[in-house]
Amino acid sequence: MAMNNKTKKTILLNLIFLLVCGGVFLFLWNAPPETTAFIPHDEKHERFFTMEKKEAEKFCESCHNPDGEAPLPPDHPPKYRCLFCHKRTK
Ligand code: HEC
Ligand code: HEC
């Protein structure tokens, strides 16, 4: 079976496409499970479960600041928008 160059190129491009899809799929499949701490259900946090997210986030740093009652760990990731990472489910 003789293939002209155009056909070969098309087959090659399709193979590359499949490999890229496979790579993306594996990457997502292997992504670590969500382990970031949920915000606790206690008297300090209960009111944030019913509050609008952006509204609630204004209060977090009144306690979670370096001199507050619950400072963030020193290796804490960038803390913009607390509730994107610390979910309220559970
Ligand atoms: C009134 C003070 C106060 C406010 C306001 C507050 N926290 Fe806390 N937070 C604490 C204290 C104290 C702890 C540690 C003891 C505990 O679990 O209650 C804590 C613990 C946590 C934890 C760790 C839970 C765990 O499993 O270790 C997370 C996450 C958290 N807070 C997120 C938040 C977020 C997000 C907000 C804003 C929506 C917030 N906190 C507002 C006082 C506060
Ligand atoms: C980009 C994601 C992200 C954002 C945004 C974020 N955090 Fe965290 N936070 C983490 C990770 C990851 C950890 C460490 C792992 C864990 O929670 O178990 C952590 C840890 C904490 C802890 C200690 C939990 C423990 O078990 O000791 C507290 C308290 C906390 N964060 C509060 C906050 C507050 C308050 C904000 C907003 C000012 C915030 N975080 C924003 C990802 C985030």
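Bear in mind these aren't lab numbers, they're just calculated from the coordinates by the rules spelled out. The structure displayed is predicted, hence computed values, not measured ones. Every residue, glycine as well, gets a Cβ built from its backbone with ideal geometry; the counts of neighbours run over all protein chains shown.
Our coupling estimate for the stretch 11-20, obtained by passing each phi through the Karplus curve with A = 6.51, B = -1.76, C = 1.60 and θ = phi - 60°, is 4, 4, 4, 5, 4, 4, 4, 4, 4, 4 Hz, Gly and Pro reported as x. Principal-axis analysis of the Cα atoms of the chain puts helix 53-63 at an angle of about 50° to the longest axis. From helices alone, the chain scores -14500 deg cm²/dmol at 222 nm; the rule is -39500 (n - 2.57) for each run of n ≥ 4 DSSP H residues, then divide by the residue total.
Its alpha carbons considered, the stretch 46-85 gives a radius of gyration followed by a Dmax of 10.5, 29 Å. Here the chain is treated with +1 on each Lys and Arg Cβ and -1 on each Asp and Glu Cβ, and its dipole about the Cα centre works out to around 900 debye.
Can you tally the net charge around Ala56? Count Lys and Arg as +1, Asp and Glu as -1, for every other residue whose Cβ sits under 13 Å from the Cβ of Ala56. Every neighbour counted, the sum reads +3. Could you name the lysines whose alpha carbon sits less than 23 Å from that of Lys87, not counting residues in the same chain fewer than 8 places away? Lys87 reaches Lys44, Lys53, Lys54, Lys58, Lys79.
Measuring max minus min along each principal axis, the C-alpha atoms of the chain give extents of 75, 28, 21 Å (largest first).
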